[in-house]
Amino acid sequence: MNPAIIANVDWSSGALQVPGLRSSEKKLGQLSGIFRDAQAFRGMDPDTIVYRVWWWEPVPGGTEGGLFWGLTEIQPGSVGDEYYMTHGHRHAVLDRAEFYGTTVGEGMLVLRDESGRSWFEAMKPGSLHYISGRVAHRVVNTGDVPLRFVACWPSDAGHDYQIAGGKGFGARVLRQNGKPSFTLTEE
């Protein structure tokens, strides 16, 4: 790492400014098989942006003891009665933990441990979430504005997205009577 590189974070929004900032976006068409209502999914524009991620890699990927920093923004919206969400993952190096800190919006952090137990933690501005190693996680935007959260994770953690292939989280966040409902499933 170059000691002269300093990142700046706008703590009210989570926005990050640093040379070499990386970014990606997930469009609805890239999330096939994630949402339960396949018919509603097919009727939507596959180019709709569901979420964006910006991250800083101050050390090379795979560096033991290194950390990455990022910001995720999930748009408000739904596929049928299921809110927009991230793809979801666990870490390829299973014992690697992660922090999420909510800056804007409201949502749910959906978690599932190796025993199959699923639960959620409410996300709102100022909430800080410690995600233990060996726990799969995804974030759902249950609000009417973009949900933004910062994250810090080990640079050697890697990502395993297999748990998210339409199954594996054992729970869905659905709009019921106009409000979010965390529902356990057989998935």
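The values are calculated or read from the model by the stated rules, or taken from the named source; none is laboratory data. Just so we're clear, the structure is a prediction, and the values are computed from it rather than from any experiment. In this analysis, Cβ positions are derived from the backbone assuming ideal geometry, glycine residues included, and neighbour counts consider all displayed protein chains. Side chains included, ligands, DNA and RNA excluded: accessible areas come from the protein's heavy atoms. Shrake-Rupley method; radii C 1.70, N 1.55, O 1.52, S 1.80 Å.
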Of (1) open to solvent by 30 Å² or more (accessible area, probe 1.4 Å); (2) closer than 22 Å to residue 138 by Cβ; (3) of a type in the set (Val, Ile, Thr), residue 6 satisfies every one except (2)
Only unsatisfied item for residue 112, checking (1) of a type outside the set (Asp, Glu); (2) in contact with a helix residue (DSSP H, G or I) (Cβ under 9 Å, 6 or more places away or on another chain); (3) under 20 Å from residue 148 (Cα atoms); (4) open to solvent by 20 Å² or more (accessible area, probe 1.4 Å), is (3)
Selection over the range 25-56 where residues are hydroxyl-bearing (Ser, Thr, Tyr), over 21 Å from residue 144 (Cα atoms) and open to solvent by less than 60 Å² (accessible area, probe 1.4 Å) yields a count of 0
Matching residues in the range 113-172 (closer than 18 Å to residue 55 by Cα and of a type in the set (S, T, N, Q)) number 1
**Boolean, residue 154 is closer than 28 Å to residue 10 by Cβ, modelled with pLDDT of 95 or more, in contact with a Pro (Cβ under 8 Å, 6 or more places away or on another chain) and crowded, with 16+ Cβ neighbours inside 10 Å** = no
